[in-house]
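The values are calculated or read from the model by the stated rules, or taken from the named source; none is laboratory data. Here the structure is a predicted model, which is why all the values come from computation and not from measurement. Every residue, glycine among them, receives a Cβ derived from its backbone with ideal geometry; neighbour counts consider all protein chains shown. These area figures cover heavy atoms from the full protein model, side chains too; ligands, DNA and RNA do not enter into them. Shrake-Rupley method; radii C 1.70, N 1.55, O 1.52, S 1.80 Å.
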Amino acid sequence: MAICLVLVAAGCGKNNNEGNSGSKENAGVSGEKVTVNFMHLWPEGVSAGQNKIVNQIIKAYQAEHPNVTIKQEVLDNEQYKNKLKVLSASNKLPDVGVTWAAGFLQPYVEGKLFTPVDDLLSGELNGKFVSGTTEAYAIDGKTYALPLEFNIAPVYYNKALFEKYNLEIPQTYEQLKAVAKTLSENGIAPIALGNKDRWTGSLWYMYLADRIAGQQTLSGAINGDGSFMDEGLLKAATEVQTLVDSNAFVKGFNGLSNEEAKSEFLNGKAAMYMMGTWELPNFTTNEDIPKEFRDSVGFFKFPTVEGGKGDINSWVGGPGVGLFVAENSAVKAEAKAFVEYFVTQWGEQAVTGAGVIPATKVDTSSMELPQLYIDLFNEMNQASSITLFADVQMQASAAETHLNMIQALFGKAATPEKFSEEHDKAVSEGK
Amino acid sequence: MDKVLSNKKIIALYVLPSLLLILAIVYIPIVLTAYYGLNEWNGIGAMTFVGLDNYLALFKDTTFWNSAWHSLLLAVFSGISLVLYLIVAMVLAARIKGANLFRKIYLIPMLLSSVAIAQLWLKIYHPTNGVLNSVLESLGFANPPAWLAESSLVLFALFIPILWQYAGFYILIYYAALKNIPASLEEAAKIDGANALQIAWKIKLPLVMEVIKVTIVLAVVGSLKYFDLIFVMTDGGPNGASEVMASYMYHEAFRAYDFGYGSAIGFFLLVICLAVTWVIRKLTASKDTIQYS
C-alpha cells in the first residue's frame, strides 16, 4: 500500500514538473513521449454521442502518433466552467480545453492564458470553417480557439396544430401575429417561451431588432458603436411587449425554464418554439420522443416586418464550444497538432453521431440525414448575415444587464425606453 | 485522566487539529473575502486594488437593498412561523393519539434535498399543468395567476415551500425541549387547578425559553443567508422580484464575473448576520434563567 502511494505521488510529481517546466516547448515533434491533457465537457452519461466521438478521435490520433498520449478529464457543463476558472486562477490550465466564444473568452485572453491559433487557420484548416464562425473567437485580430459547433435559431412549429387550425407558415410579422391570435383563441399557447432563463427571450428581441432596425444597427448597438435608443430598436422592444399583450407567449413564461417551455411544445400544448439548432436531435432522431410528434415538426425563418430593414435570410445564432490551447502548455506544438486533427475529424462524425451542426463545412450530400438537418444546413449556407447571440457577444457584466432587462421588458417591468437606456449604459461601461 | 486533561499542552494538542481546520476552512476565507471585496477582480486575471469602492457602491445599489428587503421579509416570516411550530410541538408533546405519526409527517420535508423540494413545488406552481392551478380552476377560479412569474406574488409563493421545508426541524427541536420538562411539574400544576392553557403559558413556555431564543437566531440568520430554493425555482426572477442577498451575490460573482463586488456583498452579508444575531441576543437576554427545580 505504502509503495503504491509513493508511486502515485511520484507520478503526480513528474506530471507537475512536465506541466510547469516549459523547457520542452516545441520539442515533442521529435518522437519523445509526451502527454497532452485534454479537458472537456461531454461525459458519457449526458452526452453519449459526443463522448463516443471524442474517444474515437483520440484513439485514432494516438494510433497515428504513438509517442503522444491524450489524457482526458471529463466534467459536466457547470462544473467544467467552475473548474476552468479555478485552474486559470492558479495558472494550471489543461493543454487543450473547451471554451465558449466572445464574452466568455475575453477574460482568459486578457489574462494571457490562451494561445493564439492563427497559424492553424492558415494551415491545413484554411477555408474549412463556415464563414463567420472563427471570428467569434477572435479578439484584437487574433483567434484564440477553433469552433466545433455552430447554431442558428429558427422557429420550430407543430405542423399538426397548424393544419388543424388551417394556418399557413407566416411570411410577415403581421401574419405571425394573426397566427398567434387564432391559436390563442382556440386555447393553444402560440409560442413556448421559458424566459426564466432569459437568453430565450433575448432571441425574440434580437430577431425583431434585426428585422426592424437591420442587422448593422443591432450589432452596432451591441458593440457600442451605435445606440439602443435607435428608433428601430425601440420599436423592436415595443413589439416584444405587443406580443406579450396579445398572449402570444405561453402563460407564466417569465417563471418557466427553457426545459419547461420545451415540454409544452413537445406535448403539443404550444404551437411554436424558437430555439437553436442544437435541439434538432429532439425533433428528428431522439427515440425518447414519440415519432408522431417528431414527424410533425417543421421550421420557418423569422418573418420580415413591413417597412423593416432586415431581410429574411439574416439569422441570429452563434458558435457553441471551441477548443483552446493553453498559453503556458509545455507541449504546445503537440497540443496544436491535436486540436487541428480533432477539428478536422469532428465535423462529419459530429453530425451523424451526435446531431451537432459542426462549424466546419461538411458535404451533406453523401450522408444519410434527416430532412430537417439538410434544410437547415442549406439555410445556414445561404444566410445573408448571422448575428451572434447578444449575451455571448457582450462582456459578462453587460450581458447580465441585457438578460435582466430582457426579463423586465417581457414582464412589462421596464418600458422600451428604459430598456434601451440601461443597455447603452451597460455597453458603454463595459468598453 | 484528570491530570492529563489539566495539562495545558495536552489540551492544546487535542484542540489544535480542529482549530487549524476551522481556521483554514472558515476564518481565513472570511478574511480573504473581505480582502477580495477591496479589489476589482474578474476571478481570472489580475486584481486591482480599489479600496472601499465596492463597499461604497454597495450602499448605493438599489438592487442590493431590494434583495436585502426580500431577505428581511423572509426572516420576519420565519420568525413568525416559529409561533406556529411551537403550538404544533406542544400539541404533539401532549401525548395525543397519533402524535408519533404526525411528528414523522412534519419531519419528512426536512429529509428531502432542497433541489427535490424545488422541483416538487415547481410542479405544484406550474401555471397551466400545476396542481395548485388545476385545483383553483376546478373550484371555479378562471385564470388563476402564474405564481412564479408575477412580480407581486413570486416572493410569497417561494416563502411557502421555504417555511414548509424547515417546519419539521423546528417542531422537532421544540418537541424535544418540551419532552425534557419533568412530568412532575405539570402534575403539580394540575393538582393546583391550572388548565391546559395556563400550563402551556406559565410553565412550559418559560422552561423552553432558552431553546426558543436559539431557534429565533437560527431562523433569522438562516433566512438572511437563504439561497437554494430561490436559486432553483426562480433564479431571483422575474426582474429581481425574488432576488435575495445570497442569490444577488452569486449573480454578481459568477454571472457578471465581478468577484470583487460579489465578495463585498458576501462580506457585508456576514456583517449583517453577526449584527442581527447580536441584536437578537441583546433583546432576548434575561437576567435570571428559569431552571427545572
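Pick from A:Gly11, A:Gly19: which is at pLDDT below 85, over 23 Å from A:Val98 (Cα atoms) and open to solvent by less than 60 Å² (accessible area, probe 1.4 Å)? Step through it out loud before you land on a result.
Numbers: A:Gly19 fails: over 23 Å from A:Val98 (Cα atoms).
None of the others qualify; the one that does is A:Gly11.
So which strands (runs of 3 or more DSSP E) stay within region A:85-181 end to end and still have 1 or more residues that are within 14 Å of another protein chain (Cβ to nearest Cβ) and open to solvent by 30 Å² or more (accessible area, probe 1.4 Å)?
none
Of all residues in region A:247-271, how many are assigned to a loop (DSSP other than H, G, I, E, B) and either open to solvent by less than 30 Å² (accessible area, probe 1.4 Å) or within 9 Å of another protein chain (Cβ to nearest Cβ) (or both)?
We begin by selecting, within region A:247-271, every residue assigned to a loop (DSSP other than H, G, I, E, B); these are A:247-248, A:250-252, A:256-257, A:267-269.
So of that shortlist, the ones also either open to solvent by less than 30 Å² (accessible area, probe 1.4 Å) or within 9 Å of another protein chain (Cβ to nearest Cβ) (or both) come out as A:248, A:250-252, A:256-257, A:267-269.
Within region A:247-271, residues that are assigned to a loop (DSSP other than H, G, I, E, B) and either open to solvent by less than 30 Å² (accessible area, probe 1.4 Å) or within 9 Å of another protein chain (Cβ to nearest Cβ) (or both) number 9.
State the number of residues belonging to region B:30-40 that are within 14 Å of another protein chain (Cβ to nearest Cβ) and either open to solvent by 40 Å² or more (accessible area, probe 1.4 Å) or modelled with pLDDT of 95 or more (or both).
3
Restricting attention to helices (runs of 4 or more DSSP H) lying wholly within region A:315-431, give those where 3 or more residues are under 23 Å from A:Glu135 (Cβ atoms), within 14 Å of another protein chain (Cβ to nearest Cβ) and at pLDDT 85 or above.
Details: elements: A:332-354, A:371-381, A:390-393, A:396-410, A:416-430.
Helices (runs of 4 or more DSSP H) meeting the threshold: A:396-410.
Considering B:Tyr166, B:Tyr174, which residue is touching a residue at least 40 places away in the same chain (Cβ under 8 Å), away from every other protein chain (no Cβ under 14 Å), under 30 Å from A:Gly252 (Cβ atoms) and of a type in the set (Phe, Trp, Tyr)?
On inspection, the qualifying residue turns out to be B:Tyr166.
Restricting to region A:205-246, and then to whatever is among the hydroxyl-bearing types (Ser, Thr, Tyr) and in a helix (DSSP H, G or I), can you tell me which residue is nearest to the other protein chains (Cβ to nearest Cβ)? Before the answer, list the steps.
So the first thing to find is which residues in region A:205-246 are among the hydroxyl-bearing types (Ser, Thr, Tyr), and the list is A:205, A:207, A:217, A:219, A:227, A:238, A:242, A:246.
Add one more test, that the residue is in a helix (DSSP H, G or I), and what stays is A:205, A:207, A:217, A:219, A:238, A:242.
Values: A:Tyr205: 15, A:Tyr207: 21, A:Thr217: 26, A:Ser219: 22, A:Thr238: 18, A:Thr242: 18 Å.
Here the residue is A:Tyr205.
Within region A:42-64, count every residue that is in contact with a strand residue (DSSP E or B) (Cβ under 9 Å, 6 or more places away or on another chain), open to solvent by 20 Å² or more (accessible area, probe 1.4 Å) and touching a residue at least 60 places away in the same chain (Cβ under 8 Å).
1
Of everything in region A:182-201, what is assigned to a helix (DSSP H, G or I), over 26 Å from the mean Cα position of the chain (by Cα) and within 14 Å of chain B (Cβ to nearest Cβ)? Give them in sequence order.
Listed by number, the list holds a single entry, A:Ser184.
Exactly one condition in (1) touching a helix residue (DSSP H, G or I) at 6+ places or on another chain (Cβ under 6 Å); (2) assigned by TED's automatic domain parsing to the domain that holds A:Lys71; (3) open to solvent by 10 Å² or more (accessible area, probe 1.4 Å) is false for A:Thr401; which is it?
A:Thr401 satisfies every listed condition except (2).
Taking the condition on the phi < 0 side of the Ramachandran plot, within 14 Å of chain A (Cβ to nearest Cβ) and without any contact (Cβ under 8 Å) to a residue 24 or more places away in the chain, does B:Asn100 pass? Spell out how you get there, then give the answer.
Values: on the phi < 0 side of the Ramachandran plot: yes; within 14 Å of chain A (Cβ to nearest Cβ): no; without any contact (Cβ under 8 Å) to a residue 24 or more places away in the chain: yes.
No.
Would you be able to say whether some residue in region A:202-213 is open to solvent by 40 Å² or more (accessible area, probe 1.4 Å) and in contact (Cβ under 8 Å) with a residue 24 or more places away in the chain?
No, region A:202-213 contains no residue that is open to solvent by 40 Å² or more (accessible area, probe 1.4 Å) and in contact (Cβ under 8 Å) with a residue 24 or more places away in the chain.
Quick one: would you say B:Leu120 is more than 13 Å from chain A (Cβ to nearest Cβ) and within 17 Å of the chain's Cα centre (by Cα)?
no
Considering region B:41-74 alone, what residues qualify as being more than 13 Å from chain A (Cβ to nearest Cβ), touching an Asp or Glu at 6+ places or on another chain (Cβ under 9 Å) and open to solvent by 60 Å² or more (accessible area, probe 1.4 Å)?
B:Phe49, B:Asp53
Considering A:Gly252, A:Gly224, which residue is assigned by TED's automatic domain parsing to the domain that holds A:Phe302 and free of Cβ contacts under 8 Å to residues at least 60 places away in the same chain? Walk me through it before giving the result.
Working: A:Gly224 fails: free of Cβ contacts under 8 Å to residues at least 60 places away in the same chain.
On inspection, the qualifying residue turns out to be A:Gly252.
Inside region B:128-143, can you point out the residues that are at pLDDT 90 or above and either open to solvent by 60 Å² or more (accessible area, probe 1.4 Å) or over 28 Å from the mean Cα position of the chain (by Cα) (or both)?
B:Val131, B:Asn133, B:Ser134, B:Val135, B:Leu136, B:Glu137, B:Ser138, B:Leu139 - these are the residues of region B:128-143 that are at pLDDT 90 or above and either open to solvent by 60 Å² or more (accessible area, probe 1.4 Å) or over 28 Å from the mean Cα position of the chain (by Cα) (or both).
With the condition kept exactly as written, say whether any residue in region A:158-170 is touching a residue at least 40 places away in the same chain (Cβ under 8 Å) and within 20 Å of the chain's Cα centre (by Cα).
no
Would you confirm whether any residue within region B:192-204 is under 30 Å from B:Gly240 (Cα atoms) and more than 14 Å from chain A (Cβ to nearest Cβ)?
Scanning region B:192-204 turns up no residue that is under 30 Å from B:Gly240 (Cα atoms) and more than 14 Å from chain A (Cβ to nearest Cβ).
Counting just the residues of region B:236-253 that are more than 18 Å from the chain's Cα centre (by Cα) and within 14 Å of B:Ala157 (Cβ to Cβ), which one comes out nearest to the other protein chains (Cβ to nearest Cβ)?
Taking the candidates together, the pick is B:Pro238.
Mind listing just one residue for me: the one in region B:254-267 that is outside any helix (DSSP H, G or I) and open to solvent by 20 Å² or more (accessible area, probe 1.4 Å) and, of those, farthest from the other protein chains (Cβ to nearest Cβ)? Write out each step before concluding.
Our first condition is that a residue be outside any helix (DSSP H, G or I); within region B:254-267, this holds for B:256-258.
Subset that is open to solvent by 20 Å² or more (accessible area, probe 1.4 Å): B:257-258.
Working: B:Tyr257: 4, B:Asp258: 6 Å.
Top of the filtered list is B:Asp258.
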